[in-house]
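What follows is calculated from the coordinates using simple rules that are stated; it is not laboratory data. What you are looking at is a predicted structure, and each value in this text was computed from that prediction instead of being measured. All Cβ positions, even for glycine, are placed from backbone atoms using ideal geometry, and neighbour counts span all protein chains on display.
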Amino acid sequence: MSITRAVTDGPAAWIVRPRSRPRARVTLVCFHSASSGAAMYRRWPDRLPETVDVALVRMPGRENRLRQPFVEDFDAAVAALSTALGECGSGPYALLGHSMGAHLAFAVAGARVAAGLPPPRHLFLCGTRPPHLFRPAFTAASSDGELIAALTMMGGTDPALLANEELRRMVLPTFRADLRVCAGVRPPRRPLPCPLSVFGGEQDDIPGTELDQWRRWSSRSVTTSMFPGRHFFLVDESEDAVLGEVGRVLAELTPPGPDVTLG
């Protein structure tokens, strides 16, 4: 399925596969950050091994879902994404999320565990504090100037979008909707039975000591890795290194054998 192809508002609208991977042994579902979309990971399907089927989350109100209303409630987003993931089929899978996407991925994993469904083989959580320490510096009530400053500071948004008034009118409502989603992040009732890889940027404002506290929320192994770069290090300064680490972990999870994917 092309990343630019129109999709319906059913489960297929939430998770798209840019490339067919008949040799895949594991599905990696990537959750985008606030104010972003599936295009955040546009280079990843071509850069991860053929054994990895890359699926991309696309929230409403952006890209080819531009005319659909935003989801502004964390629990509603988790429920919709959990349903969409269930419609993808069965097989080994892992979840990766950045910033807001990390909390959505973590909560979706928790929802599947609570429903008695197979948990992800691995969770990759990037660029955010654990739920008990998560306090967004900005909210949906922040001024336009504050949000533009935040987007500029973090990087990851084309400066041309922020310099153009008409384009800003598209970017800022998306950011505000996603900040409302972020306001619903809260600690889970219990740790998840999933190993975690926690990634941070060395020039981001989240210290490694705080990233290490994700250990509280897993009963399995947890590793923390710091990469050169700012908030969007995983698709900017350190994309090569992050992709290398993700590919290595997924290869260890799914040794050669019968080809199988989530769908």
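Things to note:
- Under Karplus coefficients 6.51, -1.76 and 1.60, residue-wise ³J(HN,Hα) of region 48-60 in Hz, glycine/proline x: 8, x, 4, 7, 10, 8, 8, 10, 10, 6, 9, 6, x
- Antiparallel content of DSSP bridges confined to the chain, in %, to 5: 5
- For ALA12 and ARG43, the FRET efficiency from 1/(1 + (r/R0)^6), where r spans their Cβ atoms and R0 equals 35 Å, is about 0.95.
- Net length available on complete extension from ASP73 to GLU202 is 43.4 nm, with 0.36 nm assigned per residue and the Cα-Cα distance removed.
- Cα centroid separation, region 56-109 to region 126-190 (Å): 17
- About its Cα centre, the chain has a charge dipole of approximately 780 debye under the convention of +1 per Lys or Arg Cβ and -1 per Asp or Glu Cβ, with nothing else charged.
- Across every pair of non-identical alpha carbons in the chain, the mean reciprocal distance, once inverted, gives a Kirkwood radius of 18.4 Å.
- Across LEU243, LEU95, LEU85, mean-square fluctuation computed from a Gaussian network of the chain (C-alpha pairs under 10 Å connected) peaks at LEU243.
- Mean Cα-pair separation over length for the chain, i.e. relative contact order, pairs under 8 Å, 6 or more apart, %: 22
- Sites SER225 and ALA114 - FRET efficiency at Förster radius 30 Å, r taken between beta-carbons, to 0.05: 0.60
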